[in-house]
Amino acid sequence: MNLSLSALSASARKLAIVAAVVSSMSAMATEAVYQEVRYVLDDIFFTAEVGSNPKVAGELIIPEQIVVGQDKYTVVAISDKAFKGAKNLKNIVFPKTLQRVYRSAFDGTGIMTDKEKWVDGYLWIDSVLIATDKTIKPRFELPYGTRIIAAGAFQGNKTLTRIELTDTIKRLDHETFRDCKNLEKIEIPQSVTSIGEDVFTGSGIWLNENKWKKGALYLDDCLVATNDELPANFVFKSKNPVRLIAERAFANRKGLTTVTIPSSITFIPTAAFYQCENLTEVVIPTSVTDVQNFAFYGCTMLKSATLPRELLHLGMGAFYGCCNLRGQILSDNLTVIEQGTFFKCNSIKHLDLPVHLRRIDNGAFAGCASMEEFKLPDSLEFIGEMAFAGCAIIREITLPEKINAIPKQMCQGCSRLYRVNLPEGLYAIGDGAFESCLSLERVFLPKTTFRIGDNAFRNCQQLPGIDLVDHIHVLGNGAFAECKMMEEIRLPESLEELQANVFSQCLNLHGVVFNKKLKVIGPGAFAHCRNLREVQLNIGLEVIGDNAFYGCKNLRRVAYPASLRRIGNSAFMNCESMKAPEFPSEVKVGKNAYKGTKK
């Protein structure tokens, strides 16, 4: 059974919105094939990583850039298990733009099984250290010119006791030295600018209790891990100013309540404070210019985390689920609000958007139930799906002129939204864009509108009517279903087919002007329009679909055109006020088409 959001309880609708946002976020990445290699694209920053390619063979040269359509993407990563099972892959040449490689990317490939490529217990290809084995020297010096160590390259190595890194390494990636139980010594060079999660977890360094200071593990002025001994009010303490925090360094520290980040830190890494459920305050210094993806994800008690005015980047889901966060000032340097950045921050009442903002991505403000208004800047060019879904008390939205299409479910469930100002040049309104906007009264469609999507205005209970401009070619399934205050409608001249349930349960609809080009009235198009009394169908109409006028109890008269060829099952079933007509043999009348009408 298909249920609209209007048929669900308020709590169930919220859960549906949450599920849809999470789904849309996980489905954002797009794929493309370039020179027979599959890539995963980032359409915000125009970067690409090599995706799943289990059948590549021979020598593979990865380019610095790929071209997809009119756009160029810089190749920056080889993804997890990218070439897994590619038995005939013999060699690979990496681009200079490459930043990350996963060890598991080469599992089961000809590269991993070629013994001649292994030297002294390690596999090194084109300046990338991919993997090691138990024959590696205990005191290992990284090969000259190495610029990348693959994630997990040393993981589980029991031989390694000490390693010397070169100053060409910029990142220590996820789990690089995890479970290296005999690793006792490492120096992190100044060239390293980021540290992944669990890099040293389970290593000899991590197991050495003497290296921990009040629940924190520091290595060469880098905070690489914390444990449950972390004090509630945490203060960074090391011999020299801390310059780096590892990804997920504080993740899941339930006892943590306040943190003051030192001014020596320039960015807050990915998931740094992930699900610190009792964290209430974070002091962020002006030195921070980058808050990365999911930095404060799930910090449900967080009330204060003032962002610097110098901030250049705010990552995807940075404050996802921070339901007690009360306010933010966004830097005018920001041009993108990424996916789910403020999702379900339902204590924020007001937010001034950056004056140069170009994009608001999927679910960026979804579930901000206390947000009173969104003043969208003129610079805005793109709005993602469900961007404002569930913003329950927002009253009015004006879309800037550069927006030419409204995305799916943009304002779904904005129950107090009463007015939407659409820009000239708008050509499409996406599926469910204003579904369950219970208070919506005013919508004026630009003359350029070509398509109104499925359920676009479904359950807009206060919408009295809408002028459907003559350029509209598509009215989607259920586009105006359950618009209980709608009384009259004139179908646009360009429309050839009414989709399923397009006006179903419009209980006060009593007047419909049918256009001359209409050929098909879809299933359930006017079902349960109980105040519909007369229908004048124009010449050219060929099909009346199943349940098209089902339950129109006051429908008394229908003028059928000579062009009519089929009436669907239950098309006029339970239309109690009308009589079943007689048709010539060439008109096919479906089962129960007039059941429940006057005999």
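Only the coordinates and a few stated rules stand behind these numbers; no lab work does. These numbers come from a predicted model, not from an experiment. Heads up, the Cβs are rebuilt from the backbone with ideal geometry, glycines too, and the neighbour counts pull from every protein chain shown.
Summing +1 for each Lys or Arg and -1 for each Asp or Glu, what net charge is found among the other residues whose Cβ lies under 15 Å from the Cβ of Glu209? All intermediate terms of the calculation are to be shown ahead of the outcome.
On the way: positive: Lys181, Lys211, Lys213, Lys214; negative: Glu184, Asp228, Glu229.
Neighbour charge sum, excluding Glu209 itself: +1.
Reachable lysines from Lys214, Cα under 19 Å, same-chain residues fewer than 8 places away excluded?
Lys237, Lys239, Lys254
Taking 8 Å as the Cα distance limit and 6 or more residues as the minimum spacing, I'd like the relative contact order of the chain as a percentage. Working shown, then result.
Values: 1883 pairs, mean separation 27.1, N = 599.
In percent, rounded to a whole number, it is 5.
Does segment 361-510 come out rounded, prolate or oblate by the C-alpha gyration tensor, with a ≥ b ≥ c the root eigenvalues, rounded set by a/c under 1.5 and, if not, prolate when a/b is larger than b/c and oblate if not?
oblate
For Asn210 and Phe45, calculate 0.36 nm times their separation in residues minus their Cα-Cα distance, and state this gained length in nm to one decimal.
Numbers: separation 165, 0.36 × 165 = 59.40 nm, distance 4.25 nm.
Fully extending the segment from Asn210 to Phe45 adds 55.1 nm.
So what's the gap between the Cα centers of segment 259-327 and segment 499-544, to the nearest angstrom?
When both Cα centres are located, 53 Å separates them.
Which loop trypsin sites (Lys or Arg not before Pro) in segment 206-302, with loop taken from DSSP, have no more than 13 other Cβ atoms within 10 angstrom of their Cβ?
Lys214, Lys237, Lys239, Lys254
Could you pull out the pairs from Lys516/Lys579; Lys137/Lys181; Lys553/Lys598 whose alpha carbons sit more than 21 Å apart here?
Flagged as over cut-off: Lys516/Lys579.
Once R0 is set to 22 Å, what does the formula 1/(1 + (r/R0)^6) return for the Cβ-Cβ distance between Glu493 and Glu441, expressed as a FRET efficiency to the nearest 0.05?
0.25
Taking the chain as the reference, fit the longest principal axis to its C-alpha atoms, fit the long axis of helix 10-26 to the helix C-alpha atoms, and give the angle between the two in degrees, 0 to 90, nearest 10.
The answer is roughly 50 degrees.
Taking the Cα centre of segment 30-195 as origin, work out the dipole magnitude from +1 charges on Lys and Arg Cβ and -1 charges on Asp and Glu Cβ, in debye rounded to 20.
500
In whole angstrom, how far apart do the alpha carbon centroids of segment 88-130 and segment 463-490 sit?
59
So how much slack lies between Asp470 and Glu277, counting 0.36 nm per residue of separation and subtracting their Cα-Cα distance, in nm?
64.2 nm
Could you work out how far apart the two model spin labels at Gln70 and Glu164 are, taking each label as a point 7 Å from the Cα in the direction of the beta carbon, and quote it in nm?
The modelled label-to-label distance comes out at 5.4 nm.
Express in nm, to one decimal, how much length is gained between Lys239 and Val33 on full extension, taking 0.36 nm for each residue of separation and deducting their alpha carbon distance.
69.2 nm
How would the chain be classified by its alpha-carbon gyration tensor: rounded, prolate or oblate, with rounded meaning a/c under 1.5 and the a/b versus b/c comparison settling the rest?
Prolate, since a/c reaches 1.5 and a/b exceeds b/c.
If the cut-off is a Cα-Cα distance under 17 Å, which aspartates and glutamates reach Lys72, setting aside same-chain residues fewer than 8 apart in sequence?
Cα-Cα hits under 17 Å: Glu31, Glu36, Asp42, Asp43, Glu49, Glu64.
Where nothing but the Cβ of Lys and Arg (+1) and of Asp and Glu (-1) is charged, how large is the charge dipole of segment 380-482 around its Cα centre, in debye to the nearest 20?
The calculated dipole for segment 380-482 is roughly 180 debye.
Using a simple charge model, +1 on the beta-carbon of Lys and Arg, -1 on the beta-carbon of Asp and Glu, nothing else, what dipole does the chain show about its Cα centre, in debye to the nearest 20?
Once rounded to the nearest 20, the dipole reads 1600 debye.
Can you give the Rg to Rh ratio of segment 30-195, both from alpha-carbon atoms, with Rh computed by the Kirkwood formula?
In segment 30-195, Rg relative to Rh is 0.98.
Which of the lysines could a cross-linker bridge to Lys84, judged by Cα under 23 Å and excluding same-chain residues fewer than eight apart?
Answer for Lys84, where 23 Å is the Cα cut-off: Lys55, Lys96, Lys115, Lys117, Lys134, listed by chain and number.
Filter the trypsin sites (Lys or Arg not before Pro) in segment 329-405 down to the DSSP loop ones having no more than 16 other Cβ atoms within 10 Å, then list what survives. Each step should come with its number before you reach the end.
On the way: sites: Lys344, Lys349, Arg358, Arg359, Lys375, Arg395, Lys402; in loops: Lys344, Lys349, Arg358, Lys375, Arg395, Lys402.
For trypsin sites (Lys or Arg not before Pro) across segment 329-405 that sit outside H, G, I, E and B with at most 16 neighbouring Cβ atoms in 10 Å, the list reads Lys349, Arg358, Lys375, Arg395, Lys402.
Is it possible to state the helix-based mean residue ellipticity at 222 nm for the chain, with each DSSP H run of 4+ residues giving -39500 (n - 2.57), the sum divided by total residues, to the nearest 500 deg cm²/dmol? What is it?
Working: 3 runs with 25 residues, N = 599.
Theoretical 222 nm ellipticity from helices: -1000 deg cm²/dmol.
Find, to one decimal place in angstroms, the Kirkwood hydrodynamic radius of segment 155-222, where the mean of 1/r is taken over every pair of different Cα atoms and then inverted.
12.1
Label points 7 Å out from Cα along the Cβ direction at Arg358 and Ser585: separation in nm?
The answer from the label model is 6.8 nm.
For segment 340-382, rounded, prolate or oblate, judged on the Cα gyration tensor with a ≥ b ≥ c (square roots of eigenvalues), a/c < 1.5 rounded, else prolate if a/b > b/c?
Numbers: a/c = 2.74, a/b = 1.51, b/c = 1.82.
Here segment 340-382 falls in the oblate category.
Taking R0 as 22 Å, what FRET efficiency do you get between Glu576 and Gln536 from their Cβ-Cβ distance, rounded to the nearest 0.05?
0.60
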